[in-house]
Each structure stands twice: as C-alpha cells, then as structure tokens.
1. So how many residues does the range 77-92 have that are farther than 14 Å from GLN114 by Cβ and not polar (S, T, N, Q)?
2. Taking the range 216-245, which residues are farther than 26 Å from GLU173 by Cα and hydrophobic (A, V, I, L, M, F, W, C)?
3. TYR153 passes all but one of (1) touching an Asp or Glu at 6+ places or on another chain (Cβ under 7 Å); (2) aromatic (Phe, Trp, Tyr); (3) in a helix (DSSP H, G or I); which number fails?
4. Across the range 201-218, what is the number of residues that are in contact (Cβ under 8 Å) with a residue 12 or more places away in the chain, open to solvent by less than 60 Å² (accessible area, probe 1.4 Å) and assigned to a strand (DSSP E or B)?
5. When you scan the range 219-236, do you find a residue that is free of Cβ contacts under 8 Å to residues at least 12 places away in the same chain and not basic (Lys, Arg), even just one?
6. Quick one: count up the residues across the range 141-167 that are surrounded by 13 or more Cβ atoms within 10 Å (Cβ to Cβ) and of a type in the set (S, T, N, Q).
7. For GLN170, only one of the following conditions fails: (1) in contact with a helix residue (DSSP H, G or I) (Cβ under 9 Å, 6 or more places away or on another chain); (2) surrounded by fewer than 15 Cβ atoms within 10 Å (Cβ to Cβ). What is its number?
8. Looking for whichever is open to solvent by 50 Å² or more (accessible area, probe 1.4 Å), under 27 Å from THR201 (Cβ atoms) and either assigned to a strand (DSSP E or B) or out of contact with any helix residue (DSSP H, G or I) (no Cβ under 9 Å at 6 or more places or on another chain) (or both) here; the options are ASN111, ASN184. Which one fits?
Amino acid sequence: MKKYLHVGILLTTFVFMGCNEKLETEEQGKKEEIKISPVNQATVDNAVSDINEERPKTPLKLSQEQKKEYHNQYVKIIDKVNQQKLGMQLGVSPIDEFKAADWVEPEVFANRIQKQVDAFLEEERKALAAMTKNKNQDATEVSGGWALEKYIYVAGIVTRLEIIVDFETQYSESRNGQVFAGINKISTQVAKGSEGTWEQTSYKASLLDDQTYSIRIEGIHHNNNLSTDKLFTIEISCDKFGKIH
C-alpha cells in the first residue's frame, strides 16, 4: 500500500522539521494516508517563522465556495509537485481541518511550497555529494547483466540501489570496438544494508550516442509504512570491449 504525507497549510514544514505529529490512517482504495495536524506557531523554529510571515495580518474572509476553490487550487499545486516524483510525497489536509488563519492566496501557497521544494533539493544535493565522494562507480558483471550502484534521496533518507542492466553490443568499424545494440532489461532493488524496499514501476532508455545511454527509472520506496514515489536518471557508457561504466 502507498502512504502519503497529508498536511495543512504549513504542509512541507512538518516533513522536514520533525514537529509533533498526530497520525491517523484510513483506507482509500489502495492508498493509506498519513495526516499531520496543524501545530501551534510558537512550537516551531525560525525556518517556519520565516514562512509564516507570508500569512496575512488579517485572515482572509472567504465564503464556503471560495474556500472550496482555494482548496482545489492548493491540491493542484501539490499534485504538480508530486508528479515530479522528487522523493517527497505531499498532500493537502481536508478542507474542514483548515482554520481561519490557514487560508492564504494560492500564489502565496505556491511560493511557500516552492521554497520547501528548493530546500529539499538542496538537502538532497548535499546528502548525495557526501555519500558519493570518492565512490567507485564502475559496474561489475553479474548473472543477468551488469550491476552498478546509485544513491537516491527519499523522504530525508539516503538509500543505495543496485541496478542491473541487461544489454547487447555489436562491433562498429568506425569506433573500432563495441557499441550498444540495445537494452533487454533493467531491474533495481535496494542494496544490502540500505533501509526499506524498492518497487520499480517503469524505465525508459534513450540512446545519446552509440556508446552512451540515458536511463530514466521510476519507482516507489517503501520504508516504515511510508511509500514515496521517486524518479531518477543514470547514464551508462560502453567501452570498446563491451563493458559498461
């Protein structure tokens, strides 16, 4: 089952700042949801305070119809972020959980979310840089193809994946060596010693030149009853001997 983080108007803050959470699960088809209740503004730190400066000094006076429209726009903004499959699964709390002070203009809401997306991507960059520093990225030949490792950042956790690529090569006179002739299969799984499990949902391989593939991989990372969509891209190159790196 997939679980999503559902939060109110302060949504992404709770994902990263570790505020007290009130969890409630409910069945919705094949999905389970985690709702995070609003928190008192006095309990959060300066990072949240900076965001709250965007709150109007006087709460917006909205009719019920306007609230429905604003809520729909909030949902669309969050859906657009989730479609990118960055590794941060977000949702918007039900409309009846919003307090008067929670309502802001959709533009303010979108800016707030973008700030949190930027912060997440920066944390991802730092975390992956620390993990891959001085790391040997060469692939090794295994049963079923060639295996290589890839670190991904999901829900604040660095996870190491093992990627197995089954491909074919052929001799090229112009290259005086082997070039790619096609990819038969790509499979991924969480490497031994890493947290959670990985469910690959799709991949797409694009030939950049006859010795280089760009591979886009999508999947779902499951850990501690939380399932998060993640999309990432790797490049593999074939040398003249038919080995990849």
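The values are calculated or read from the model by the stated rules, or taken from the named source; none is laboratory data. These numbers were taken from a predicted model, which means no experiment stands behind them. Cβ coordinates were reconstructed from backbone atoms using ideal geometry, including for glycine residues, and neighbour counts include every protein chain displayed. When the accessible area is computed, the model is the full protein with side chains, heavy atoms only, and any ligands, DNA or RNA have been set aside. Shrake-Rupley method; radii C 1.70, N 1.55, O 1.52, S 1.80 Å.
1. Residues flagged as farther than 14 Å from GLN114 by Cβ and not polar (S, T, N, Q) within the range 77-92 amount to 5.
2. Selection gives ILE217, ILE220, LEU226, LEU231, PHE232, ILE234.
3. (3)
4. Total meeting the criteria: 8.
5. no
6. 1
7. (1)
8. Only one candidate passes the filter, namely ASN184.
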